[in-house]
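The structure appears right after this line, and notes come after that.
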Amino acid sequence: MSVRVLAAGVCLGLLAGCAAVGPDYAGPPASTAETVGGFPSSAAADQRVVADEPPATWWREMKDARLDALIDAALGANYDLRIALANVEAARAALDIQSTRRRPTVDANATVEEARNPSALVQQLDPDTELPSATRGSFSLDLSWEVDLFGRVRRSIEAASAELGSLEAVRNGVITSVLGRVARAYIDLRGAQTRLDVAERNVEVRRQTLDLVMLLNAEGAATELDVARARTQLLTSQATVPSLQADATTALNRLSALTARPPGAWSAELAGRAPLPEVPSFVALGAPADLLRRRPDIQAAERALAAATARIGVATADLFPSVSFGARLGVAAQPLSSLDAAGAPFFALGPTVSWNLFDREATYALIRQQDAAAAAGMARYEAAVTNALEEVDSAVNAWLNERDRRTQLQAARDASHAAWQLAQVRYKEGVEDFLTVLEAQRSLLLIDDQLAQSQIDFAQKLIDIYLALGGGWETVAPPATAK
């Protein structure tokens with residue numbers, strides 16, 4: 001009998017090498033990004049857009065040490081990143097759980113009980129009679145191993161591994177998002193401070209204009225209407241200052257939140273006004289197919305598709321029998337003191353077969369459900385690729401258009417500055433009054449504000465490009481475990 005059992009165990013071990021049921025994942029089909037030669041836009045022909053690989057540490061292209069420090073602080077403490085890291089660890093633990101199903105499980109069991117056997121005759125004769133009792137016990141080691149005949153375990157491990165890869169990609173996406181949000185908030189802060197400088201200079205010019213108009217009115221060279229207009233312009237200019245101060249405070253608080261600090265934590269270091277960071281004159285996009293490697297959302301969608309495909313195999317395996325191989329080794333005796341007797345040890349070995357033969361409609365429905373989930377995963381992957389191309393193309397065009405707008409505003413500022421200088425010369429020569437000089441300076445400051453806003457938008461649109469390209473996470477080494 002033992003020989004037949006051993007032979008059955010050997011056969012089961014050989015059958016464990018059978019191919020897993022369900023589709024084998026071979027990756028998604030060729031995507032749009034793999035078939036286009038370049039980004040489908042006139043922007044690709046612009047000399048300011050090159051096909052070189054984009055910089056991995058793109059924020060360092062702005063050459064601002066404070067921005068670098070803020071990003072380092074955010075990567076070490078950001079709440080969203082810590083959540084993503086915890087999710088990765090949970091997925092890694094889930095994979096470890098599935099991987100243990102490849103190995104046999106061994107359980108230790110021990111039982112000790114005291115049993116009394118009451119006799120009705122004894123109770124009738126003498127209810128006070130003490131009933132006889134016996135103590136029995138057993139100690140055993142139970143081994144169980146699911147023979148993976150049809151790949152249920154292998155497909156479960158494949159699904160868990162792909163799910164881990166998807167969450168790792170999501171973590172990379174969070175890293176990219178944190179990089180972009182910190183850079184955006186820093187640009188907002190420096191932009192608000194730049195516009196504050198312009199607004200305060202504009203207020204001073206408007207105040208001088210009002211003083212001059214009031215003086216002219218006292219001398220009869222201006223009217224009360226001129227005074228009212230000058231006062232309105234001053235009050236309007238003053239009204240812009242609190243709004244810009246609020247923008248600067250909001251950006252500071254956003255930086256504090258992104259770095260997991262309380263509001264105002266960065267005020268001492270960043271409240272001092274500084275210019276906007278430098279913005280590169282050229283931008284490198286790389287090839288469209290590189291998005292498949294770089295964009296975390298595409299990676300996450302591809303891994304989710306792989307997990308959905310593996311789950312089809314898990315569901316399909318339910319159509320076939322589940323075979324387990326078990327063994328038990330132990331001792332049992334009654335009374336307990338007889339555990340060392342010759343008949344106390346026992347041994348059991350044999351397979352167990354479980355097969356759902358009569359409720360297969362539910363299994364077929366589960367397979368259809370997983371098929372549909374895989375189809376949805378394919379659609380999400382294709383949508384992620386298409387959206388990535390659209391985001392890059394739109395971001396590049398917006399950046400180029402803002403660059404052209406900034407160039408025009410710079411030319412307008414140069415012309416306005418020349419007009420202001422000419423007004424000063426004419427005033428010194430007595431040809432123009434001082435009010436003309438103040439109006440020329442006011443126009444110059446208005447264009448300065450528009451140019452500052454354009455510089456802010458230009459920097460923000462460059463960040464949009466880098467976010468659309470999905471880079472930055474490659475150079476960041478997240479902690480191995482969530483904090």
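The values are calculated or read from the model by the stated rules, or taken from the named source; none is laboratory data. Small disclaimer: the values here were computed from a predicted structure and weren't measured. Positions of Cβ are backbone-derived with ideal geometry, glycine not excepted, and every protein chain shown enters the neighbour counts.
Scanning the stretch 230-259 for residues that are loosely packed, with under 14 Cβ neighbours inside 10 Å and not β-branched (Val, Ile, Thr) returns 235, 239, 242, 243, 246.
Among residues of the stretch 154-168 that are within 22 Å of residue 322 (Cβ to Cβ), those with a Cβ under 7 angstrom from a residue that is buried (at least 22 other Cβ atoms within 10 Å of the Cβ) and basic (Lys, Arg), sequence gap 6+ or separate chain, pair up as 159/311. When 395, 411 are checked against the criterion of being assigned to a helix (DSSP H, G or I), of a type in the set (Gly, Ala, Ser) and crowded, with 18+ Cβ neighbours inside 10 Å, 395 stands alone in meeting it. Criterion applied to 356, 387 was being modelled with pLDDT under 95, surrounded by 13 or more Cβ atoms within 10 Å (Cβ to Cβ) and either under 39 Å from the mean Cα position of the chain (by Cα) or more than 24 Å from residue 105 (Cβ to Cβ) (or both), and the one residue passing it is 387. Only one of the listed residues (433, 414) is on the phi < 0 side of the Ramachandran plot, of a type in the set (Asp, Glu) and modelled with pLDDT under 90. That residue is 433. Consider residue 54 carefully, then state whether it is assigned to a loop (DSSP other than H, G, I, E, B), within 22 Å of residue 295 (Cα to Cα) and either modelled with pLDDT of 85 or more or in contact with a Pro (Cβ under 7 Å, 6 or more places away or on another chain) (or both). Yes; evaluated as a whole, the condition is true for this residue. Restricting attention to the stretch 373-432, the residues being out of contact with any Lys or Arg (no Cβ under 8 Å at 6 or more places or on another chain), of a type in the set (Phe, Trp, Tyr) and farther than 30 Å from residue 312 by Cα number 2.
Take the residues in the stretch 77-129 that are aliphatic (A, V, I, L, M) and part of a strand (DSSP E or B), then tell me which one is modelled with the lowest pLDDT.
Initial filter on the stretch 77-129 (aliphatic (A, V, I, L, M)): 77, 81, 83-86, 88, 90-91, 93-95, 97, 106, 108, 110, 112, 115, 120-122, 125.
After this cut, where a residue has to be part of a strand (DSSP E or B) as well, the list is 106, 108, 110, 112, 115.
Details: 106: 84, 108: 86, 110: 80, 112: 73, 115: 62.
Among those residues, the one meeting the criterion is 115.
Could you list all residues from the stretch 167-181 that are of a type in the set (S, T, N, Q) and crowded, with 22+ Cβ neighbours inside 10 Å? Scanning the stretch 167-181 gives 172, 176. Quick check: anything in the stretch 218-227 over 29 Å from residue 441 (Cβ atoms) and among the hydrophobic types (A, V, I, L, M, F, W, C)? No, the stretch 218-227 has no match at all.
May I ask you to verify whether residue 286 is out of contact with any strand residue (DSSP E or B) (no Cβ under 7 Å at 6 or more places or on another chain) and not in a helix (DSSP H, G or I)?
Working: out of contact with any strand residue (DSSP E or B) (no Cβ under 7 Å at 6 or more places or on another chain): yes; not in a helix (DSSP H, G or I): yes.
In short, yes.
Among the candidates 438, 400, 409, 366, the residue that is under 30 Å from residue 144 (Cα atoms) and in contact (Cβ under 8 Å) with a residue 24 or more places away in the chain is uniquely 366. Among the residues making up the stretch 267-283, those that are in contact with a Leu (Cβ under 8 Å, 6 or more places away or on another chain) and either part of a helix (DSSP H, G or I) or crowded, with 22+ Cβ neighbours inside 10 Å (or both) are 267, 270, 283.
Taking residues in the stretch 275-297 that are over 30 Å from residue 167 (Cα atoms), and partners anywhere that are crowded, with 18+ Cβ neighbours inside 10 Å and of a type in the set (Lys, Arg), the pairs with Cβ atoms closer than 7 Å and at least 6 places apart or on different chains are 275/190; 276/190; 277/190.
For residues that are buried (at least 21 other Cβ atoms within 10 Å of the Cβ) and either of a type outside the set (Lys, Arg) or in a loop (DSSP other than H, G, I, E, B) (or both), tally how many sit in the stretch 289-303.
Taking the stretch 289-303 and keeping what is buried (at least 21 other Cβ atoms within 10 Å of the Cβ), we get 291, 294-303.
Narrowing further to those that are either of a type outside the set (Lys, Arg) or in a loop (DSSP other than H, G, I, E, B) (or both): 291, 295-302.
The number of residues fulfilling the criteria is 9.
Considering only residues in the stretch 101-113 that are of a type outside the set (Asp, Glu) and surrounded by 11 or more Cβ atoms within 10 Å (Cβ to Cβ), the one that is nearest to residue 142 (Cα to Cα) turns out to be 106.
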